[in-house]
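Chemist: I'd like to ask you about the structure that follows.
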Amino acid sequence: DSIGRIYVLYTEGPFSSATPHFKRYDTEGNEDNGFEAAITGKLPSGVTLNKIKTMTVDAKTNTIFIVGMDVTGSKHAYAVTEKGHNNFTLSNGFKLTSFIGIGSTIQTAAAYNGTLFFTVQPSAHSTSGMKNKLIAVKAELSGHTLTLTKKDEKTLPKLRPHSTLNNTNCTGLFADADGVYCLLSDQNLYGGTLYALGQLVRYQYSGSTFTGDTEIGLNPKAAGTDGIPFDAQYFSNPVGFIGY
């Protein structure tokens, strides 16, 4: 956030009985021990920590955005504001179906200065051909009322263009005054050979539209059909990043 605190959403323990956590740490690594109980106490009925798919913090406004599912599986976004230390106010849930479709999966989210970005992976039965999307929405908060207005979207690149499947995922998203940065990863078998690829794409954003992009880090051999040996000059299955 604006004073450098880190927010972490994770699970701990064996997969079958993993315990979800939502923590906050200050710039020196000290845990804010009252944060998790305070913020989970504000979640609506049916939205527990294990129902939260992703979260992000707007470093300009310090608004916390939570994307979760209720007991029916419906996807909603919530805005959380802090009126005093660990004194949180929760907005209404804004239903995301009109932006992402019913069966799509939200992978990552980022926010800056009132714009919320998130990446979406369509369902296996989608007519979009499994093309992953980056979506920008304007987030407006009036009292407890959150309103999201879609501004623009981009189709994320497929790192192995000759593959019949789209195994590319966005593993990290970060936004600042210059735009939004999407970390892409693709690891799979192709022609019997395991490969691992990655790419960082920065999309410039004007406040209403994406205006250009810059791509770095992808192994140029990704365009071919041969196996791809590890090369330290390029990204190889990157799992996440953080910026400030």
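Chemist: In terms of solvent-accessible area of protein heavy atoms at a 1.4 angstrom probe, what is the ranking of GLU12, GLU28, highest value first?
Modeler: So, going from the largest accessible area down, we get GLU28, GLU12.
Chemist: Enter the Cα centre distance for the pair segment 56-83 and segment 148-168, rounded to the nearest angstrom.
Modeler: 24
Chemist: Running a GNM on the chain with Cα contacts under 10 Å, which residue among ASP231, ASP152, ASP213 ends up with the highest mean-square fluctuation?
Modeler: Looking only at ASP231, ASP152, ASP213, the biggest GNM fluctuation is shown by ASP231.
Chemist: Given a 1.4 Å probe and heavy atoms of the protein chains only, how would you sort LYS131, LYS51, largest accessible area at the top?
Modeler: Listed by decreasing accessible area, they come as LYS131, LYS51.
Chemist: Of the labelled options [x] 18.6, 57; [y] 16.9, 58; [z] 17.1, 53, which one gives Rg and Dmax of the Cα atoms in Å as computed for this structure?
Modeler: The value matching this structure is [x].
Chemist: Would you mind working out the accessible area per residue for segment 22-115, using a 1.4 Å probe, and quoting it in Å²?
Modeler: Spelled out: the 1.4 Å probe surface of segment 22-115, per residue, equals 45 Å².
Chemist: Provide the per-residue ³J(HN,Hα) series for segment 62-70, in order, calculated from phi with Karplus coefficients 6.51, -1.76, 1.60 and θ = phi - 60°, each as a whole number of Hz, with x at glycine and proline positions.
Modeler: 6, 6, 9, 9, 10, 10, x, 10, 8
Chemist: Roughly how many percent of the accessible protein surface of segment 14-149 is carbon and sulfur, given a 1.4 Å probe and a whole-percent answer?
Modeler: After summing per-atom areas, the C and S share lands at 50 percent.
Chemist: Related question: At 0.36 nm per residue, and after removing the present C-alpha to C-alpha distance, how many nm does the segment from ALA223 to LEU194 gain when stretched out fully?
Modeler: 8.9 nm
Chemist: In debye, nearest 20: dipole of the chain around its Cα centre with unit charges on the Cβ of K, R (+) and D, E (-)?
Modeler: The calculated dipole for the chain is roughly 720 debye.
Chemist: Using r as the Cβ-Cβ distance of HIS144 and ILE102, and R0 as 22 Å, what FRET efficiency do you calculate, to the nearest 0.05?
Modeler: Given R0 = 22 Å and the Cβ-Cβ separation, E is 0.25.
Chemist: Okay, next question. Would you please give the residues with an amide H less than 5 Å from that of ASP32, counting only those at least 5 places away or on a separate chain, with H modeled from the backbone geometry?
Modeler: When sequence neighbours closer than 5 places are left aside, the close amide H contacts are ARG24, TYR25, ASP26.
Chemist: Just to check I understand the Karplus step: with θ = phi - 60° and J = 6.51 cos²θ - 1.76 cosθ + 1.60, what whole-Hz values come out for segment 50-61, glycine and proline as x?
Modeler: With the stated coefficients, segment 50-61 comes to 6, 9, 6, 8, 6, 8, 7, 10, 6, 5, 8, 10 Hz.
The values are calculated or read from the model by the stated rules, or taken from the named source; none is laboratory data. Note that this is a predicted model, so its numbers are computed, not measured. Glycine gets a Cβ as well: all are built from the backbone with ideal geometry, and neighbour counts include every protein chain shown. Surface areas here come from the heavy atoms of the whole protein model, side chains and all, with no ligands, DNA or RNA. Shrake-Rupley method; radii C 1.70, N 1.55, O 1.52, S 1.80 Å.
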